[in-house]
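The values are calculated or read from the model by the stated rules, or taken from the named source; none is laboratory data. Just so you know, these numbers come straight off a predicted model, no measurement behind them. FYI the Cβ positions are ideal-geometry reconstructions off the backbone, even for glycines, and counts take in every protein chain you see. Only protein heavy atoms, including side chains, enter the accessible area calculation; ligands, DNA and RNA are left aside. Shrake-Rupley method; radii C 1.70, N 1.55, O 1.52, S 1.80 Å.
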Amino acid sequence: MQKLLFLQSLWAMERRRTDGMERTLEQNIEMILGADFDGVSMSFTDAADARRAGALLKPHGKVIEAQCFPGTIDELKPALELASAVGVHHLDIQADVRPRRLQECVPLIEGWRRLAEQVKFPVYFETQRDRMTTDLYFTLDLLDCFPDLKLLGDLSHFLVGREFATPLSQENQSLMHRIIDNCWAFHGRVASREQVQIEISFPHHQEWLDIFLNWWQYGFASWRRRASPDDSLAFVCELGPKPYAITGRDGNDTPIAGRKLC
């Protein structure tokens with residue numbers, strides 16, 4: 001049976017408040033387990049933290065989305081080795097390069113995909129600003145070159161990057177649907193055309209919330225058609241700390257726009 005898994009971002013658990021207090025990894029995971037999430041999303045740049053998280057989560061049957069930031073083909077190898085040792089649901093690549101031409105991307109993606117064939121878990125490429133996939137049109141060009149490229153959709157970045165006007169044009173909607181049809185996991189954040197993260201309970205933000213709810217609904221249906229009967233789709237709750245969160249004069253998250261697990 002296909003499953004929808006809700007994960008919590010460990011990056012989003014950071015307080016980053018002016019009092020300087022931060023919870024430990026163990027405390028954050030205890031909160032996440034208490035809230036009955038299906039697992040976590042976390043950077044695998046620190047091997048010790050990755051192993052600690054795995055040891056805390058696996059006895060409870062929870063999963064991990066591992067994130068890595070390779071700038072070369074070989075830089076993916078340590079992340080794959082660590083993810084294999086710890087055990088992950090999937091690995092998320094934020095390609096830490098910013099080519100101006102498509103042909104510069106081809107050898108990198110080909111190399112990363114060859115390495116990904118050697119592991120038993122899926123490897124996805126995240127749509128993310130200040131990465132190879134920073135631009136919607138450039139990413140669509142990548143899909144022209146690699147039609148089966150598996151993406152992880154953080155759709156907030158494309159909405160901000162393109163400053164889509166509302167109501168969305170049919171052309172822009174079609175472009176986003178093409179991206180979503182290649183997505184095999186999602187990061188959950190609602191953006192406006194000016195802000196990457198907005199408070200979804202404000203009535204004046206309803207039009208943006210509706211856009212994302214429609215995109216995710218379309219994405220879940222698209223994934224169900226493409227996925228195998230026993231696959232699981234990961235949706236990461238990723239409401240970030242500052243500077244994603246709106247802050248007040250005191251440098252802290254505003255009370256209403258603050259995150260639920262602060």
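Computed packing ranks the peptides 75-82, 12-19 as 75-82, 12-19, most packed first, by mean other Cβ atoms within 10 Å. For the pair the range 55-115 and the range 1-33, the centres of their Cα atoms are 21 angstrom apart. Dimensions of the range 65-192 along the principal axes, based on C-alpha atoms and rounded to the nearest Å, stand at 46, 30, 22, largest first.
The C-alpha atoms of the range 1-78 occupy a region whose extents along the principal axes are 45, 38, 20 Å, arranged from largest to smallest. Considering only Q217, Q67, Q128, the mean-square fluctuation computed in a Gaussian network model of the chain, springs between alpha carbons under 10 angstrom, is largest for Q217. Counting protein heavy atoms only, the chain has 52 percent of its accessible area on carbon and sulfur, 1.4 angstrom probe.
Distance distribution P(r), the range 1-144, all Cα-Cα pairs, bin width 5 angstrom from 0: 2, 9, 18, 19, 17, 15, 11, 6, 3, 0 percent.
Selection among I211, Q103, W184 by position relative to the dipole of the chain gives W184 as farthest towards the positive end (Cβ unit charges, Cα centre). Count Lys and Arg as plus one, Asp and Glu as minus one, and take only other residues whose Cβ is under 11 Å from that of Q94; the net charge is then -3. Annotation: per residue accessible area for the range 189-228 equals 53 Å², rounded to a whole number [probe 1.4 Å, protein chains only]. Of the DSSP H helices in the chain, those with a Cα length along their own long axis of 20 Å or more and a mean Kyte-Doolittle hydropathy reaching -0.5 comprise 102-116.
Each of (1) 57, 41, 35; (2) 49, 40, 28; (3) 47, 46, 38 is a candidate for Cα extents along the principal axes in Å; the one calculated from this structure is (3). Around the Cα centre of the range 89-179, unit charges on the Cβ atoms of Lys, Arg, Asp and Glu (plus for the first two, minus for the last two) sum to a dipole of about 120 debye.
Within straight-line reach of K58, meaning a Cα separation under 25 Å, sit the following lysines at least 8 residues removed in sequence or on another chain: K3, K77, K120, K260.
Average projection, convex hull of the Cα set of the range 164-262: 7.5 square nanometres. Between A50, A83, A35, the residue with the greatest mean-square fluctuation in the GNM of the chain (Cα pairs under 10 Å linked by springs) is A35.
Placing unit charges on the Cβ atoms only, positive for Lys and Arg and negative for Asp and Glu, gives the chain a dipole magnitude near 200 debye about its Cα centre. A Gaussian network model of the chain, with springs between Cα atoms under 10 Å, assigns the largest mean-square fluctuation among E126, E171, E104 to E171. DSSP bridge analysis restricted to the chain gives an antiparallel fraction near 5%, rounded to the nearest 5.
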